[in-house]
Amino acid sequence: MTTEKIPDLLIKGGSILDPVSGSITKSDILIGDGLITEIGPDLKHADATQYDASGRTISIGWMDMHVHLREPGYEHKETIITGCEAAAYGGFTAVACMPNTNPPIHTRDVVEFIIERAEKTPVHVYPIACVSKNRKGESLSEMADLSAGGAVAFSDDGDPVQDSSLMRHALEYSAMLNMPIINHEEDLPLGPKGHMHEGEVSTRLGLAGIPTISEEIMIARDILLADYTGGHVHVAHISTAGGVDQVRHAKKSGINVTTEVCAHHFTLTDKEVERSEFDTHTKMHPPLRPQSDIDAIKAGLADGTIDVICTDHAPHASFEKEVEFIAAPFGILGLETAWGLTGRELIGPGVLSLAEAVRKLSVAPREILHIDVPRLEVGAPANLTIFDATTEWTFEAENIKSKSVNTPFVGHKMVGKAWAIYNKGQLVTND
């Protein structure tokens, strides 16, 4: 992977995808001083650096609206710089980072610190601020000040907003700011010491489980509160069939609810814990669920119930994961493998078209967070992802760009590859 500052670039031979209309047009793109200056066939520019995109597709840059960059406070797991390197490798030109840092993103100075740290990277970083002070779930954060500092949403992710009254008031305040509340949907008392999905496999393995009902009860509560307050609830990393059904019904009823799904939740089942012999890289939160939940998630992606594909990229240092399963923290990497799994599990089998998948990775997350959607037109800043959905390759340890290595997908076949991004006048290539 190489990163170069290239203000003048000629991208030759690619096919431009409009993720909204689904149209694909073979065309060259000329970029000058980071802006798109010309789009058309057979373009030439003697002084511009050339990138051969023959056989590849070009879209607006992708965004992952759910990542953990760990900085400040947990730089032994990941930093803003290394997280952005992983994002660029995965095809993302933007990420939104969760607030379970130390200190948490509950004051304006932390929001501004994160934005400043990411300025020189080729990836835009949008902080998601805390719902509650210190993420303790006791009192609301200074939401208006956090918004003014650059926060794009509010969440206590890593923990749910357990108190219904606090969630109500958060929705009321966030509605005035026109910003979503992103909730980790889990009623904690229903699975307080669970380590994987509660079901046949957990029973056989003798592990305490996290039941689907703990997610579904909290989703139901938040949908009711969104209806009552007029606020916008975004259901984080949905993982159950019942949850998908609830969101589907709420949308049909006109309630302001959106949702996302992680690539691992439409790829692996809870049987992977057993098959891998308690590999802690199969421990995530929410946990891997049975095949019936995966089938429901894919149906929800296909019919538009699920708006966004994300990663919940959650790095942990090796010494934290190299322990007994019950002692290991939840979370896996996701930025480097999201597109390869999307191609393998969704595009190849026909669950989503190429345009639908790219829309869920580019347009939808920005619309939910009220971030300007990049435009692939003359005069616009060049914010691009270059990729295909057919290249078969094997993900290996050398492909990990994160500071941590906690992924269960080393050695797994991927279908589709992100070849390059261009953003902020910088070209990052994976050739």
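Across segment 220-249, the number of residues qualifying as of a type in the set (A, V, I, L, M), closer than 14 Å to Leu171 by Cβ and buried (at least 21 other Cβ atoms within 10 Å of the Cβ) comes to 5. Hey, any hits in segment 109-117 for a residue that's part of a loop (DSSP other than H, G, I, E, B), free of Cβ contacts under 8 Å to residues at least 24 places away in the same chain and surrounded by fewer than 17 Cβ atoms within 10 Å (Cβ to Cβ)? For segment 109-117, residues part of a loop (DSSP other than H, G, I, E, B), free of Cβ contacts under 8 Å to residues at least 24 places away in the same chain and surrounded by fewer than 17 Cβ atoms within 10 Å (Cβ to Cβ): absent. Looking across segment 170-211, the residues that are in contact with a Lys or Arg (Cβ under 7 Å, 6 or more places away or on another chain) and either within 19 Å of Asp245 (Cβ to Cβ) or in a helix (DSSP H, G or I) (or both) come down to His197, Val201. For segment 41-51, the count of residues that are crowded, with 22+ Cβ neighbours inside 10 Å, in contact with a Phe, Trp or Tyr (Cβ under 7 Å, 6 or more places away or on another chain) and not charged (D, E, K, R) is zero.
You will find that of Thr37, Thr82, the residue that is assigned to a strand (DSSP E or B) and either at pLDDT below 95 or of a type outside the set (D, E, K, R) (or both) is Thr37 and no other. The set of residues in segment 304-325 being of a type outside the set (Gly, Ala, Ser), part of a loop (DSSP other than H, G, I, E, B) and more than 15 Å from Ile368 (Cβ to Cβ) consists of Thr311, Asp312, Pro315, His316, Glu322, Val323, Glu324.
Listed here are the residues, each with its yes/no results for (1) under 18 Å from Leu69 (Cβ atoms); (2) under 17 Å from the mean Cα position of the chain (by Cα).
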| site | (1), (2) |
| --- | --- |
| Ile294 | no, no |
| Asp303 | no, no |
| Asp307 | no, yes |
| Cys310 | yes, yes |
| Ala314 | yes, yes |
| Ala317 | yes, no |
| Glu324 | no, no |
| Ala327 | no, no |
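Number of residues in segment 256-283 that are free of Cβ contacts under 8 Å to residues at least 60 places away in the same chain, part of a loop (DSSP other than H, G, I, E, B) and in contact with a strand residue (DSSP E or B) (Cβ under 8 Å, 6 or more places away or on another chain) equals 1. Would you say Val410 is farther than 25 Å from Met1 by Cα and either surrounded by fewer than 21 Cβ atoms within 10 Å (Cβ to Cβ) or in contact (Cβ under 8 Å) with a residue 12 or more places away in the chain (or both)? It is false that Val410 is farther than 25 Å from Met1 by Cα and either surrounded by fewer than 21 Cβ atoms within 10 Å (Cβ to Cβ) or in contact (Cβ under 8 Å) with a residue 12 or more places away in the chain (or both).
In segment 160-172, the qualifying residues are those that are surrounded by fewer than 21 Cβ atoms within 10 Å (Cβ to Cβ) and in contact with a strand residue (DSSP E or B) (Cβ under 9 Å, 6 or more places away or on another chain), and the one that is nearest to His370 (Cα to Cα) is His169.
The values are calculated or read from the model by the stated rules, or taken from the named source; none is laboratory data. Note that this is a predicted model, so its numbers are computed, not measured. Glycine gets a Cβ as well: all are built from the backbone with ideal geometry, and neighbour counts include every protein chain shown.
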